[in-house]
1. Please give me the summed charge of the neighbours of M33: other residues whose Cβ is under 9 Å from its Cβ, Lys and Arg +1, Asp and Glu -1.
2. To the nearest Å, what is the center-to-center distance of the stretch 232-263 and the stretch 80-122, using C-alpha atoms only?
3. What is the ratio of the Cα radius of gyration of the stretch 81-236 to 2.2 N^0.38 Å, where N is its residue count, to two decimals?
4. Let me check against my output: what whole-number percent is the relative contact order of the stretch 85-225, with C-alpha pairs under 8 Å and at least 6 apart?
5. Need one number: convex hull volume per residue for the stretch 207-262, Cα atoms only, in Å³.
6. Full extension from T29 to Q286: what is 0.36 nm times the residue separation minus their Cα-Cα distance, to one decimal in nm?
7. Just need the relative contact order of the stretch 166-209 here, percent rounded to a whole number, with Cα pairs under 8 Å and 6+ apart.
8. For the chain, what is the calculated [θ] at 222 nm in deg cm²/dmol (nearest 500), taking -39500 (n - 2.57) for each run of four or more DSSP H residues and dividing by its residue count?
Amino acid sequence: MLSDSQTPRPVNAQTYSINCNGRLVQLDTPKIMGILNLTPDSFSDGGRFSSEKSALEHAGKLLKEGAEIIDVGPQSTRPNAEFLSSKEEINRIGNIISQIKKEFPEALVSLDTFYAETVKFGFNEGIDMINDISGGQYDEKMFDTAAETKLPYILMHVNPSYETMHHKNRFEDITLEVNRYFSEKVNELLEKGVSDIILDPGFGFGKTVEDQMKMINEVEYLGFQKFPLLIGISRKSFIYKPLGKSPLDINEETQKLHMKVLEQGAKILRVHDVAEAKETLMQFLQKK
């Protein structure tokens, strides 16, 4: 009898494409999204890329190592992080987005924000997609703004307020809960006119270790296989805390989980360590 790790899983063979600011991007081959934190208080790389020069250099490094998407994050969403207004986010971003687009025109740029005003600023600077960890819950104008820009929108499962973002919940069935949330939010987005939607189950946000491991094992059932899935588990505490390790010391474990979600149809990996994720992706493609 095959063990759970040996049991063949149905791979999501659905083909997807997204319109990124007029550029049609195929997701048949999974993409790597490299994280560019502009924050001084990020838990693993805070302050390292907060200047325009260092941010631009790091973006180039991420692209050289194999990222196709750069996710620009002006605000940390770790527990007890400093809370910024949209104006403060915009000031922190400065010219970084437009400089990345100028220096690396082939790169896709995602903007990690839950503010509609920051999205509008980013759109004028040239972003290609919106990465909203709040699912439109922290700014009532977000869905309308996403519709106005016509950019792909990354919808993440999260608790309904900024204050409760990291409150641990126990769900009877996390997969059913996430899919219920996705169903409601996707319908709302479609009604607003947002047509390119990417789903993010929200690893690291308000979920127990057990529920997050259950999600890893049930990625193939998340999102109804109608929309591409983004998986962001890089340096997350549900991996390193049970092992008694640091966020920077779990690459081997993380890549095993990356392989597992790729085998179940994940289309975008959001990562800090691009070279390692690229190697995992190449191994996955060779096995297909």
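1. Working: positive: K31, R270; negative: E68, D71.
Summing Lys/Arg as +1 and Asp/Glu as -1 gives 0.
2. After rounding, the separation between the Cα centres reads 27 Å.
3. Its radius of gyration relative to the 2.2 N^0.38 Å reference: 1.05.
4. 21
5. Working: hull volume 4.2 nm³, N = 56.
Per-residue hull volume (Cα only) is 75 Å³.
6. 91.3 nm
7. Values: 21 pairs, mean separation 32.4, N = 44.
The normalised contact order for the stretch 166-209 reaches 74 percent.
8. -11500 deg cm²/dmol
Throughout, read-outs are computed from the coordinates displayed, never taken from laboratory work. Since the structure is predicted, the reported quantities are computational estimates derived from the model, not experimental observations. When we count neighbours, we look across all protein chains shown, and the Cβ atoms used for this are built from the backbone with ideal geometry, even at glycine.
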